[in-house]
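What follows is a set of notes on a single structure, which appears directly below.
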Amino acid sequence: MEGGGPPVHEPDRCPHLDQQARDVLDSVRYVVLGTADEDGRTRTSPVYFTPHRYEHLYWVSYADTHHSQNLVRDDRLSGVVFDSTSVPGQGRAVYVAGTGREVPEGELEQHLPHAFDPARGGRAFDVGELTDDQGLRLWVLRVESWEVHVAAGHPTLGTGHDRRVPVDPRV
């Protein structure tokens, strides 16, 4: 399984923001995926996910759902993981971008040990459930980039307006 390339080490990097990304990805259960319709319109879909090494986000969807069909046609994918219950001004978010695909039947055994984490509240699916004629399939986002939300009034990083800052939660 490929990842988003080697971890990025930059001299002006903020390690606490890398940790913030890990904290959000570890604690929040849903990612809002953004795919593109044939006409270019954005399609957003919240899905329950499991991260693996922060490089792969797994979810289960039916092959005939709108976002799944979009990924079959165009594998570019972006998403945001955030706690929607946060008080305004105190929210934390991780933005991800990469490519998404259905995990083929021949690769399921390789991915299943990483795709489900009962400690996150979900259940594991088996090969039979992910290959039967009901159409439920395992999908994976191979993350190529991560960014975190930095609020306008952040005590040390605030610039007067909200912005995204590149991070690498693998570091």
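Values quoted throughout were computed directly from the atomic coordinates according to the rules given, and no laboratory measurement underlies them. The structure presented is a predicted model; accordingly, all values stated were derived computationally and were not measured. We place every Cβ from the backbone using ideal geometry, glycine too, and count neighbours over all the protein chains shown.
Values as computed for the structure displayed
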quantity	calculated
Relative contact order %, region 15-167, counting alpha carbon pairs below 8 Å whose residues are six or more apart	24 percent
Computed [θ] at 222 nm, deg cm²/dmol, the chain (DSSP H ≥ 4; -39,500 (n - 2.57); rounded to nearest 500)	-5000 deg cm²/dmol
Part-to-part distance (alpha-carbon centres) for region 21-53 and region 58-79, which is given in Å	11 Å
More than 21 Å apart - percent of Cα-Cα pairs taken over the chain	50 percent
Cleavage-rule hits, trypsin sites (Lys or Arg not before Pro), region 27-91, DSSP coil, Cβ neighbours within 10 Å at most 15	Arg29, Arg41, Arg53
Cβ-defined net charge surrounding His149, 15 Å radius [Lys, Arg +1; Asp, Glu -1]	-1
Amide H partners (placed H, <5 Å) of Val28, local residues excluded	none
Net +/- balance of residues flanking His66 in space, Cβ distance below 9 Å, scoring K and R +1, D and E -1	-1
Crossing angle, helix 15-27 versus the chain [Cα axis fit, 0-90 degrees, rounded to tens]	40 degrees
